[in-house]
Every structure is written in C-alpha cells, then in structure tokens.
1. Return the lysines within reach of LYS156: Cα separation strictly under 27 angstrom, same-chain partners fewer than 8 residues apart disregarded; answer none if there are no such residues.
2. Quick check for you: with a 1.4 Å probe and neighbouring chains kept, what is the accessible area per residue of the chain, in Å²?
3. Rounded to whole Å, give me the distance from the Cα center of the stretch 165-189 to that of the stretch 246-268.
4. Quick check on the stretch 276-343: what are the equivalent-ellipsoid semi-axes from the Cα gyration tensor, as sqrt(5λ), descending, whole Å?
5. Need one value: the accessible area of SER511 in square angstrom, 1.4 angstrom probe, rounded to the nearest 10.
6. PHE28 to TYR178: extension gain in nm, 0.36 nm per residue of separation minus the Cα-Cα distance?
7. Mind checking which lysines have their C-alpha under 22 Å from LYS302, skipping anything on the same chain fewer than 8 residues away?
8. Treat each spin label as a single point 7 Å out from the Cα along the C-beta direction, and report the LYS347 to LEU421 distance in nm.
Amino acid sequence: MAVAVWVILQKNKNTEDYFLAGRNVGWFVIGASIFASNIGSEHVVGLAGTGAESGMPMAHYELHAWIVLLLGWLFLPFYIRSDSFTMPEFLEKRFDARSRWFLSVFSLVGYVITKVSVTIYAGGIVVSELLGIPFWYGAIGIVIFTGIYTILGGMKAVIYTETLQTIILILGSVIITYLGLQEVGGWEALRATVGSEHFNMWRPMSDPDFPWTGLLFGGTIVGIWYWCTDQYIVQRTLAANNIKIGRRGAIFGAYLKILPIFIFLIPGIIAFALSQKGVLSYEKADQVFPAMVKALLPVGLKGLVAGGLMAALMSSLASVFNSCSTIFTIDIYKKLKPQMSEKRLLKIGRIATGIVVLLGIIWIPIMDKIGGGTLYKYLQSVQSYIAPPITAVFILGIIWKRVNAKAAIWTLMSGLLVAALRITAEINIDGLTGIAYSFASINFAHMAIFMFVFSVMVCITVSLASTAPDYTTIRGLAFGTLSEEQKLETKRSYDTIDVILSVLLVIVIISILTYFTG
C-alpha cells in the first residue's frame with residue numbers, strides 16, 4: 001500500500017507516463033516486473049497442484065526462459081525502433097490498420113475471458129482459504145483494492161509494487177521448499193519416495209496429457225505468442241528508454257523465469273511425498289500450496305507468504321487492468337478520435353480500467369459454473385488455438401520483408417476460423433464420428449503445431465501471390481530493411497556480458513532438460 005501511495009502522489013504527466021511509466025525504468029525493475037506479471041496466483045496454485053499430481057512434465061513451460069531471451073535479442077529492437085506503445089500499433093506500422101483492429105479487439109476479449117476472470121477466481125480461492133472468509137468477499141475485495149491503485153497510479157504503480165511483491169514471494173517460496181525438503185529428508189529421499197516417474201519430463205508421444213512433442217514444439221509456439229507478442233508482457237520491456245536496458249531486463253527476467261520449477265513445482269512434488277508419508281493431507285491438488293503454507297511455516301512467516309501470495313495475485317490483476325486500458329485507449333479510442341488531448345486520454349484510460357474491473361466481477365459467477373478444476377486445462381487449450389496465427393504473423397513479419405498486409409490479415413482471419421471450428425468441435429465431441437471426431441480429439445499441444453504450419457503456409461502463399469509491400473514505409477521494421485545506421489545501433493546495444501549471460505542461461509536450461517529424465 002505504501003509503495004502504491006508513494007507512486008500515486010508523483011502524478012502522471014501524460015499518456016507515456018501513465019502507460020509506459022515515462023519510458024524510464026531500470027533493468028532490475030523490468031525483469032522483476034516481467035516475472036511478477038507472469039506468475040499469477042493461478043500459476044502458484046496450478047503449478048504446485050500439477051507437481052503433486054503428475055510431477056515434472058509441466059516444467060517444459062517454465063523452461064520457456066529461453067523465449068524471454070528471444071524477446072530481448074530478436075523482437076525488442078524492432079518494437080523499440082517502431083516507437084510503438086502497443087503490439088497492435090506495431091502491426092499497423094508493419095502491415096496496415098486492419099491487422100491493428102483485429103489484434104486490439106481480439107486481445108481485449110481474450111483478456112477478459114481468460115486472464116482477468118481466472119486471476120480473480122484463483123484469487124478468491126486463495127484468499128478464502130488463507131483468511132477463512134467466504135469466496136465472494138475475498139474475490140471482490142481484491143478486485144476493488146487492486147482496481148483503485150491501478151486506476152490512480154497507472155503503469156508506475158504496477159511496476160514498482162510488482163518489484164516489491166516479487167522479492168517477498170520468491171523468499172517465502174524458497175523457505176517453503178527448504179523446510180519441505182528437510183521434512184522429507186533431503187533430495188535423494190524425495191526421489192526415492194515419489195519414484196522416478198514423477199521426475200520425468202519426457203512422456204511418450206502417445207501420452208494423452210503431456211506428449212513430449214506437444215510440450216516441446218507446441219509449447220514453444222504458444223510461448224512465443226505469450227512472451228514475445230503479447231501486450232501483457234512486452235509492455236514491461238517497452239518501459240525502458242533504450243534497447244540495451246530493455247534487453248537486460250529481458251535477460252534478468254529470463255533467469256527469474258527458471259525459478260518456478262524449484263519454488264512452485266518441486267514443492268508440489270514434496271507435498272506429494274509428504275502426503276505419502278502421512279505428514280500432510282489435502283483434498284484437491286489445487287490446495288497444495290496454501291496447505292503447505294499452513295503446515296510448514298512458523299507464525300509470522302506464514303503471514304508474510306500469505307501476503308506475498310495476495311500480492312502476486314494483485315500484481316497479475318493490475319497488469320491485466322493496465323494492459324487492457326492501454327490497448328483500449330491507444331488502439332481503439334485514439335484511432336476513432338485522433339485529435340483528443342493527452343489529458344482527456346488519461347481520463348479515458350482510467351475509465352477503461354474501471355470498466356474492465358466491473359466486467360471481471362460480472363464474469364465470476366459464469367466462471368464459477370464452468371468449474372475450477374477443468375478451468376486450467378480449458379485455458380491452456382484455448383491459448384494453444386489463439387497463439388499460432390499471431391506467432392506466425394509476428395515472426396514472418398520480422399524475419400521476411402516480403403510479407404505484406406494482405407497476407408497478415410488472411411493469416412489472422414483463417415487462424416481464427418480454424419480455432420473457432422476446433423473449439424466448437426471440442427464442445428460437441430460426443431456427437432461426432434470419423435474425420436470430425438479425430439479433428440476434435442487431437443491433443444491440444446499437437447493441434448498448435450498443425451495450426452502453426454497451416455498459418456505459415458497461408459502467410460507465405462498469399463504474400464507471394466500478391467504485390468510486395470512498399471519497403472520505404474516499413475524501414476527498420478523487418479530484416480532486410482535496416483539502414484546502416486540502424487545496424488550499427490543494434491551492434492552497439494549489447495556488451496560481451498549480455499552475450500555470456502544469455503549463453504549461460506541456455507546451458508542451464510539444457511542441463512535441466514537432461515537431468516529430469518526419470
């Protein structure tokens with residue numbers, strides 16, 4: 001609260017201040033903020049739950065740390081050169097207004113249905129579990145409180161409160177992991193108790209839940225969409241005032257991204273071991289983390305970690321609120337009324353945040369009906385259908401200057417169509433036979449691979465079949481259009497240390513992948 005108040009008192013001068021914290025934020029804060037927005041309470045709750053239930057396979061998603069490096073090295077220079085506030089705005093500069101409209105509306109609807117509602121729902125569960133109050137009080141209380149500081153403080157309030165919350169959450173979880181391991185009797189004892197299957201990240205291709213091909217390749221496609229093209233994450237790095245600081249923030253964020261395996265997933269496995277020994281009991285997998293907080297931590301620390309959990313939840317909510325209002329204000333409102341003053345835009349940004357808060361609250365009862373347990377899977381799968389066309393358009397648009405506006409909108413539209421077909425088929429799977437049934441029952445991560453290949457083919461075919469874009473208008477926004485000056489600038493934007501740290505991280509990731517083979 002104190003941090004939020006301190007930031008609010010500092011007044012936001014204009015839209016750049018409100019949405020991008022005045023583009024003047026250091027690498028430490030950017031990295032911590034990337035990590036905090038990624039780790040919502042649903043992450044903490046869900047990851048520990050998965051660890052208890054099925055062990056290591058979900059760690060593939062946490063090893064997406066290398067994709068965060070990709071953001072810093074490949075995508076960020078283009079984003080910063082284009083001087084965009086939002087991802088849809090970048091698409092407009094690279095292609096045309098149609099793709100900007102598509103992505104803006106698409107992102108907004110997606111946020112309210114996935115991010116806002118799930119975070120509020122998970123939050124309600126955590127708060128009611130820890131404080132022993134009814135679910136509704138917890139959910140609405142948290143939404144209103146977070147809404148207030150996001151509306152008043154904007155991006156600065158979000159970024160600085162997140163940095164503080166990251167530190168608390170990491171410390172608390174490290175302590176839980178340590179105490180848990182002592183309780184089990186050390187690392188080797190843990191392996192012996194849970195058996196080798198829990199320690200295996202590589203399940204066979206035919207595994208219905210976690211085929212390794214789907215996790216490795218399909219997961220990567222979803223990862224690139226989430227880490228490199230999604231407003232929610234990228235907005236953090238855009239708050240840097242140059243490429244160098246933004247990239248360092250991404251590298252630092254990538255290192256932090258490996259942590260969840262050790263501080264959320266492994267505690268889940270520890271909880272499984274403890275329940276085998278009869279030390280710990282929980283009914284549903286999702287209650288593992290709060291249960292461990294209650295069982296293992298002494299008074300005082302308990303409160304601190306509970307505070308950290310609430311904080312993680314609030315920071316994810318605040319990030320979504322701020323990203324929604326940025327997209328609405330800059331991409332939709334400013335497009336419709338370009339002559340608006342900065343002061344008026346700030347006001348609209350605040351109103352937009354307020355509306356998103358309300359929509360989130362209205363959505364909770366609908367979600368309550370969908371049910372908690374299946375929700376996490378439902379989300380993972382929906383993301384696997386949304387991501388491929390967007391990933392294809394961004395990657396091809398940056399790597400290959402020949403991709404034109406027509407190809408971009410065709411790829412996005414056809415991708416949306418396939419996704420809609422798949423989701424409809426999945427809902428009505430009982431009545432299907434033959435080809436339709438097999439289309440509906442392909443594993444979601446494998447589906448992402450098929451959709452990605454399809455999107456890339458559409459994009460390339462349409463590009464080659466229509467006229468080339470005007471290269472002077474997209475100068476600096478794709479490889480092959482960079483001026484000598486821009487190439488030099490990119491070279492100057494990194495030091496040997498940046499390269500060494502990045503290579504080191506890749507080595508760490510490979511060694512984790514080779515260690516957890518059961």
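1. Within reach: LYS11, LYS13, LYS93, LYS115, LYS244, LYS257, LYS334, LYS335, LYS337, LYS343, LYS347.
2. Spelled out: the 1.4 Å probe surface of the chain, per residue, equals 40 Å².
3. 15 Å
4. Equivalent ellipsoid semi-axes, largest first: 45, 14, 5 Å.
5. So the heavy atoms of SER511 present about 60 Å² to solvent.
6. Using 0.36 nm per residue and subtracting the Cα-Cα distance, I get 51.4 nm.
7. LYS284, LYS294
8. If labels sit at LYS347 and LEU421, their model points lie 4.8 nm apart.
The values are calculated or read from the model by the stated rules, or taken from the named source; none is laboratory data. None of the values given here were measured: they were computed from a predicted structure. Backbone-built Cβ (ideal geometry, glycine too); neighbour counts: all protein chains shown. Side chains included, ligands, DNA and RNA excluded: accessible areas come from the protein's heavy atoms. Shrake-Rupley method; radii C 1.70, N 1.55, O 1.52, S 1.80 Å.
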